[in-house]
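Below: the structure, in structure tokens.
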Amino acid sequence: MKPLEGLLVIDFSQFLSGPSASLRLADLGARAIKIERPGQGDLCRQLYISNLELDGDSTLFHSINRNKQSFAADLKNPDDLARIRKLLTRADVMIQNFRPGVIEKIGLGYEQVRALNPRLVYGEITGYGNIGPWRTKPGQDLLVQSLSGLPFLNGDASQPPVPFGLAVSDMMAGAHLVQGILATLLRRGITGEGGKVEVSLLESTLDLQFEVLSTYLNDGHRSPQRSAVNNAHAYLGAPYGIYTTSDGYLALAMGSIVRLGELLACPALTTYTNPASLFDQRDEIKAILVQHLKAHTTAHWLSILEPADIWCADVLTWDRLFAHEGFQSLNMVQTIDSRPTAIMQTTRCPIRIDGAILTSPLAAPRIGEHNDILTNEFDL
């Protein structure tokens, strides 16, 4: 039995942040019902990150909305809204990521829903919170990353700010919402009362930077200084970074530069005996490594460094990663094959419960696919 079996999640959210939260809850055993507009559905159905389409929708939509049911309802239609309100009286969790103020106008704000179901845990994701001058700005991942300062940690010093190549603000907010929902469900088990969980993309992105922001706050508000050579962490000294070898790349994490110089047969590195030099002369040290590591293959350097317990790694492409026994042993890929027109491979839930891997073959639903089933089951 999965830990959340028996819990009912009603998800009004679109795009990535909210749906990623309901996906994780569904992976853990909850029943997730996706409320969508008739005809158009979740806008993410047409949000393509490649030209690949599956059963009329983007693969992005399929990957983040698998293992759910879909109920199509026009929330501006009084009859449809009444059905949804009735469904919410049976729910354990509700998730929404409408712009601030919109859900209240619809009649499904927290206080309005709590009056229907005091035990319900109400999850809300906004872009920037419900107060302050940014509350009405578009809550889009790249925009949030940019406002959070995160891009100034990436890339080399000579480059402009570099955003993550992933929707990290959306995904972190979804993960934080799940944490808050689970904590509030636990409290409900003690008090019998539900509650409201609020997260924003901006706050989640700031929390993602807690380590370096704490350094900034306690170090005279000095701005991050990206390395000019192979930057990988603006607050860490040499050798931290990724280096080109004769046939690929080698990642080096923290460690003694003197010891590294001895192992690599690079006398120039052994002169940096002062620990402060790892940061003060970071680019100088890295420049030496850049030239030295080009001389041999990645495998050659790994054969020297790994037995000496130096923190290092090959830098794998996805092709090489997927072919490696280390990846294959994780069983991270699952096949979604509950519908012949929507067969796909995707990653599984990364959580194991009692040693069991959590997977499901259920494809993302078509818009309103489960209207009849849910109408009959919940007498809507």
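The values are calculated or read from the model by the stated rules, or taken from the named source; none is laboratory data. Every value quoted in this text rests on a predicted model; they were computed, and no experiment measured them. Cβ atoms come from the backbone with ideal geometry, glycine included; neighbour counts cover every protein chain shown.
Looking across region 30-52, just one residue is free of Cβ contacts under 8 Å to residues at least 60 places away in the same chain, among the small types (G, A, S) and farther than 25 Å from G165 by Cα, and that is A32. When the test is whether a residue is in contact (Cβ under 8 Å) with a residue 40 or more places away in the chain and outside any loop (DSSP other than H, G, I, E, B), F327 does not pass it.
Would you tally the residues in region 150-187 being charged (D, E, K, R) and surrounded by fewer than 18 Cβ atoms within 10 Å (Cβ to Cβ)?
Result for region 150-187: 2.
Is it fair to say T347 is in the same structural domain as T297 (by TED's automatic domain parsing), within 28 Å of I242 (Cβ to Cβ) and polar (S, T, N, Q)?
Numbers: in the same structural domain as T297 (by TED's automatic domain parsing): no; within 28 Å of I242 (Cβ to Cβ): yes; polar (S, T, N, Q): yes.
No.
Working only within region 338-380, note down all residues that are of a type in the set (A, V, I, L, M) and assigned to a helix (DSSP H, G or I). Before you say what the answer is, go through the steps one by one.
The first filter runs over region 338-380 and keeps only residues of a type in the set (A, V, I, L, M), leaving 342-344, 351, 353, 356-358, 362-364, 367, 373-374, 380.
Correct list: A342, I373, L374.
For V333, the criteria (1) surrounded by 14 or more Cβ atoms within 10 Å (Cβ to Cβ); (2) modelled with pLDDT of 95 or more; (3) not charged (D, E, K, R) hold in every case but one, which is (1).
One line per residue, one yes/no per condition, for (1) aliphatic (A, V, I, L, M); (2) exposed (fewer than 12 other Cβ atoms within 10 Å of the Cβ); (3) within 25 Å of I10 (Cα to Cα); (4) touching a residue at least 60 places away in the same chain (Cβ under 8 Å):
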{"residue": "L278", "(1), (2), (3), (4)": "yes, no, no, no"}
{"residue": "T297", "(1), (2), (3), (4)": "no, no, no, no"}
{"residue": "L302", "(1), (2), (3), (4)": "yes, no, no, no"}
{"residue": "T341", "(1), (2), (3), (4)": "no, yes, no, yes"}
{"residue": "C349", "(1), (2), (3), (4)": "no, no, yes, yes"}
{"residue": "D354", "(1), (2), (3), (4)": "no, yes, no, no"}
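Residues considered: L260, L213, L250. Of these, the only one that is outside the structural domain of F164 (by TED's automatic domain parsing), modelled with pLDDT of 95 or more and under 30 Å from W134 (Cβ atoms) is L213. If you go through region 188-205 and keep only what is over 14 Å from G123 (Cβ atoms) and free of Cβ contacts under 8 Å to residues at least 40 places away in the same chain, you end up with G189, I190, T191.
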